[in-house]
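**Student:** Here you go, one structure.
Derivation of every value follows stated rules applied to the coordinates shown; laboratory data play no part. The structure presented is a predicted model; accordingly, all values stated were derived computationally and were not measured. Backbone-built Cβ (ideal geometry, glycine too); neighbour counts: all protein chains shown.
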Amino acid sequence: MKYLHLVWAALFRRKTRTILTLVSIITAFVLFGMLDAVRTSFNQAGQSANGAQRLQTGSKLSFIQTLPSSLEAQITQVPGVKMVTYANWFGGAYQDPHNQVFSFAVDDNYIDLYPEIEVSAAERKAFHDTRTGVLVGEKLAKHFGWKVGDKIPMQSTIFPNRQGDKNWTFDVVGILHSKDKKAGGFFDAMMLLHWKYFDETTPYNRGAVGWYVTRVTDVNQADRVAKAIDAISANSDHETRTQTEQAATASWMKQLADIGLIVGSIMGAVFFTLLLLSGNTMMQAVRERTNELAVLKTIGFSNGSVLGMVLAESILLVLLGGVIGLGLVTVLVPILVAGSGGMLNLPGVGANTWAMGLGLMLAIGVLVGLLPALRAMRLNIVDALAGR
């Protein structure tokens with residue numbers, strides 16, 4: 001650009017103000033990148049299941065709707081199914097209702113479907129032989145100070161026992177370890193109890209299953225297997241939806257809240273605030289340079305050139321902050337995903353996010369710079385030099 005050196009000098013004339021504005025723009029686009037990664041993750045949840053080793057089958061109606069235990073035998077007969085297990089959400093809390101424990105009632109073969117979980121043969125046998133036994137993740141055990149042999153009181157947030165209260169007592173018989181510490185944080189923070197004990201103790205279950213987990217023989221046929229499993233219960237009072245575990249989690253979250261609306265609302269609030277902040281910065285910058293702009297016009301700069309320079313300054317300001325912000329997200333997302341131990345599963349910042357981000361940068365740059373640019377273009381040389 002012919003006048004880039006002038007635009008750059010004008011932009012950093014007040015370095016402190018410009019840097020603070022850039023920090024705000026960077027923060028806004030970091031939020032945009034992170035939220036768009038969340039939105040993309042939820043949108044990808046309904047895509048093909050091919051490539052997944054495990055499938056999760058739940059009620060098509062709602063994640064709180066249970067399924068009949070008779071489905072296990074039928075799912076086992078589906079071609080391409082290697083192994084089937086099932087589980088129920090328990091929803092326990094330890095000592096205080098705020099100390100929520102990610103806890104499930106599972107079938108004995110549940111661990112067989114998760115080779116990423118390590119538990120010793122002796123502890124596995126103890127779990128099988130102890131009706132009230134539980135296996136707890138090593139992070140969970142460390143957090144609460146639990147060890148093998150401890151008897152722990154738990155309060156279910158949902159299910160009462162035979163006595164009608166929600167107080168349960170379990171025996172810690174083993175510690176779960178994740179083979180991959182970077183991707184297995186989910187398993188290190190959960191607790192597994194016996195489905196049979198859970199089913200016999202609470203009067204509200206009566207043989208029902210929360211969801212099924214299926215291991216497929218060929219990951220390239222997972223989508224076909226998912227459709228075959230759902231066909232079993234088609235047009236029944238317990239229709240199912242079979243999908244990847246990631247998609248099942250996303251579906252569960254969508255039933256709790258409108259993720260798209262939440263993300264859109266946050267983005268809207270962030271960018272509205274950014275418009276006000278950046279617009280104020282540009283208005284002040286142009287107001288302070290009224291005499292200088294008049295001088296430029298005096299020495300031959302056209303109205304269009306002055307308009308273009310002010311707009312370029314505004315767009316450059318937003319582009320600098322926006323590109324740095326999205327660049328930070330591009331670096332941060334993989335680090336956050338790796339550091340979460342499998343708890344986060346966000347896609348990286350792709351071409352679509354960059355294209356949308358660059359479009360927003362240009363649009364915001366034009367919007368915040370248009371009014372001061374028009375004022376600069378219409379500036380009367382005599383009035384400006386006279387200080388009027």
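**Student:** Tell me which residues come under 5 Å, amide H to amide H, from residue 101 once H is placed; ignore anything under 5 positions away on its chain.
**Tutor:** 92, 93, 94
**Student:** Give me the one-decimal Kirkwood hydrodynamic radius in Å for region 167-229, with the sum taken over alpha-carbon pairs.
**Tutor:** On the way: mean 1/r = 0.0652 Å⁻¹.
Hydrodynamic radius (Kirkwood, Cα only) of region 167-229 equals 15.3 Å.
**Student:** Report the FRET efficiency, 1/(1 + (r/R0)^6), for residue 65 and residue 363, where r is their Cβ-Cβ distance and R0 is 41 Å, rounded to 0.05.
**Tutor:** Numbers: r = 44 Å, r/R0 = 1.07.
Between residue 65 and residue 363 the formula returns 0.40.
**Student:** Using the alpha carbons of the chain, what is the convex hull volume per residue in cubic angstrom, as a whole number? Provide the component values of the computation, followed by the final result.
**Tutor:** Working: hull volume 71.3 nm³, N = 388.
In the chain, the Cα convex hull volume per residue is 184 Å³.
**Student:** In addition: If I fit a long axis through the Cα atoms of helix 259-288 and take the longest principal axis of the Cα atoms of the chain, what angle between them do I get, 0 to 90°, rounded to 10?
**Tutor:** So the helix axis and the longest Cα principal axis differ by about 20 degrees.
**Student:** Same structure, new question: With a point put 7 Å past each Cα toward its Cβ, work out how far residue 98 is from residue 147 in nm, to one decimal.
**Tutor:** Placing both labels 7 Å along Cα→Cβ, they lie 2.8 nm apart.
**Student:** For Cα pairs less than 8 Å apart in space and 6+ apart in sequence, what is the mean separation divided by the residue count of the chain, i.e. the relative contact order in percent? Mind dumping the intermediate values first?
**Tutor:** Working: 629 pairs, mean separation 104.4, N = 388.
Reported as a whole number, the value is 27 percent.
**Student:** Once fully extended, how much extra length lies between residue 355 and residue 121, figured as 0.36 nm per residue of separation less the alpha-carbon to alpha-carbon distance?
**Tutor:** Working: separation 234, 0.36 × 234 = 84.24 nm, distance 5.23 nm.
Gain in length upon complete extension: 79.0 nm.
**Student:** Across 10 Å bins from the origin, how do the percents of Cα pairs in region 1-158 run, short distances first?
**Tutor:** With a bin width of 10 Å, the distribution comes to 7, 21, 24, 19, 10, 9, 8, 2, 0.
**Student:** Relative to the present Cα-Cα distance, how much length would full extension add between residue 276 and residue 200 at 0.36 nm per residue of separation? Provide the component values of the computation, followed by the final result.
**Tutor:** Working: separation 76, 0.36 × 76 = 27.36 nm, distance 6.08 nm.
The residue 276-residue 200 span can extend by a further 21.3 nm.
**Student:** Moving on. What FRET efficiency comes out for residue 19 versus residue 112 if R0 is 45 angstrom and r is the Cβ-Cβ distance? Round to the nearest 0.05.
**Tutor:** Working: r = 57 Å, r/R0 = 1.26.
Working from the Cβ atoms, E equals 0.20.
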